[in-house]
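Throughout, read-outs are computed from the coordinates displayed, never taken from laboratory work. Keep in mind the model is a prediction, meaning the values are calculated, not measured. Every residue, glycine among them, receives a Cβ derived from its backbone with ideal geometry; neighbour counts consider all protein chains shown.
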Amino acid sequence: MLEISHLNVWYGVTEVLRDVSFQVPSNGIVALLGGNGSGKTTILNALSGLVPPRAGSVKFEGREMAGWAPDRMVKAGIVQVPQGREVFSQMTVEENLELGAATRPGGRQIQADIDEIYSLFPRLKEKRTKRAGSLSGGEQQQVAIGRALMARPRLLLMDEPSVGLAPIIVEAMIETLVGLHARGLTMLIVEQNVGVAAAVAEDAHVLKDGAIAYSGRAKELINNPEVLASYLGR
Ligand SMILES: Nc1ncnc2c1ncn2[C@@H]1O[C@H](COP(=O)(O)OP(=O)(O)OP(=O)(O)O)[C@@H](O)[C@H]1O
Ligand SMILES: [Mg+2]
């Protein structure tokens, strides 16, 4: 479904992604791991059109998309949940969800999709008229995911969904991701939490200094002390 080959990204005079190649199969979940500044977010930003690649190919459902603008990427089905949740804190929960549908037409269908988000996240229904900024971290992450789902993604990009959440909320987040996968969504998830990656993902790629240093099955990472120590600071 998604095929990235020899992707290179520079910020000014600095090369931040070097020759990155990997694939996300249709209905798969792939995890990207790596330390701070290793290039994880930059990969997602290149896929969502926020940074232009200098070289390399981004093929999604057979089409070459490297360098496309963000709105075109969203219309094609690639939607990003940003790092740090970034909800519109002064707007209500429901207004945040409505914004997620801004790239597509159709009034009645939008309400039906909002209702579906509420069945996925019942807490958001209870708090639909509350300012998003007044919600807990876990609830704000639900708003951020719900807003992305409103764009009807075929590939969802998630940037550290578990960061800063209490362990019990992380467990709920894992269940949410597994549930979305069961409904057929394809996902690329950036995580620093190896446990979360092992619990939800099939393949995993570990980045170091902008290049892929290790690729393997996500569930096997946790038993690979060498990789944990060399690249993930464990
Ligand atoms: N807008 C920017 N301008 C210049 N350099 C940047 C910019 N954004 C990121 N960088 C640099 O690019 C490199 C990769 O950053 P990136 O945000 O992709 O890392 P990351 O793996 O997501 O890190 P973290 O775990 O801290 O989120 C880092 O060296 C970072 O300092
Ligand atoms: Mg990042």
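Give me the dipole magnitude in Debye, nearest 20, for the stretch 89-152 about the Cα centre, with unit charges on the beta carbon: positive for Lys and Arg, negative for Asp and Glu.
On the way: 10 positive and 8 negative charges, 11 e Å.
Around 60 debye, computed over the stretch 89-152.
Between Ser136 and Arg152, residue separation times 0.36 nm minus the direct Cα-Cα distance comes to 3.3 nm. Calculate the translational D of the stretch 95-217 in whole µm² s⁻¹ from Stokes-Einstein, where the hydrodynamic radius comes from the Kirkwood formula applied to all Cα pairs, the temperature is 25 °C and the viscosity 0.890 mPa s. Rounded to a whole number, D works out at 158 µm²/s. Of the candidates Ile114, Ile189, Ile29, which one comes out as most mobile in a Gaussian network treatment of the chain with C-alpha springs shorter than 10 Å? Comparing Ile114, Ile189, Ile29 in a Gaussian network model of the chain, the most mobile one is Ile114. Taken over the chain, lysine pairs spaced eight or more positions apart, or on distinct chains, with alpha carbons under 28 Å apart number 9.
At the listed q of 0.15, 0.18 Å⁻¹, the Debye profile of the stretch 1-100, built from one uniform point per Cα, gives log10 I(q)/I(0) equal to -0.67, -0.92.
In this simple spin-label approximation, Ile222 and Leu99 carry label points 7 Å from Cα along the Cα→Cβ vector, and these lie 3.5 nm apart.
Report relative contact order for the chain in percent, whole number only (criteria: Cα-Cα under 8 Å, sequence separation at least 6).
Working: 465 pairs, mean separation 63.8, N = 234.
Reported as a whole number, the value is 27 percent.
Over the chain, the fraction of Cα-Cα pairs per 10 Å bin, rounded to whole percents and listed from the shortest bin up, is 8, 33, 36, 19, 4, 0. Before anything else, pin down the relative contact order of the stretch 89-152: Cα pairs under 8 Å, at least 6 apart, normalised by residue count, whole percent. After rounding, I find 56 percent.
In plain terms, the C-alpha convex hull of the stretch 89-152 casts an average shadow of 3.7 nm² when viewed from every direction.
With the Cα gyration tensor of the stretch 1-51 giving a ≥ b ≥ c as the square roots of its eigenvalues, does the rule (a/c under 1.5 for rounded; else a/b larger than b/c for prolate; else oblate) give rounded, prolate or oblate? If you can, show how the numbers build up before the last one.
Details: a/c = 2.03, a/b = 1.63, b/c = 1.24.
Prolate is the answer for the stretch 1-51, as a/c is 1.5 or above and a/b outweighs b/c.
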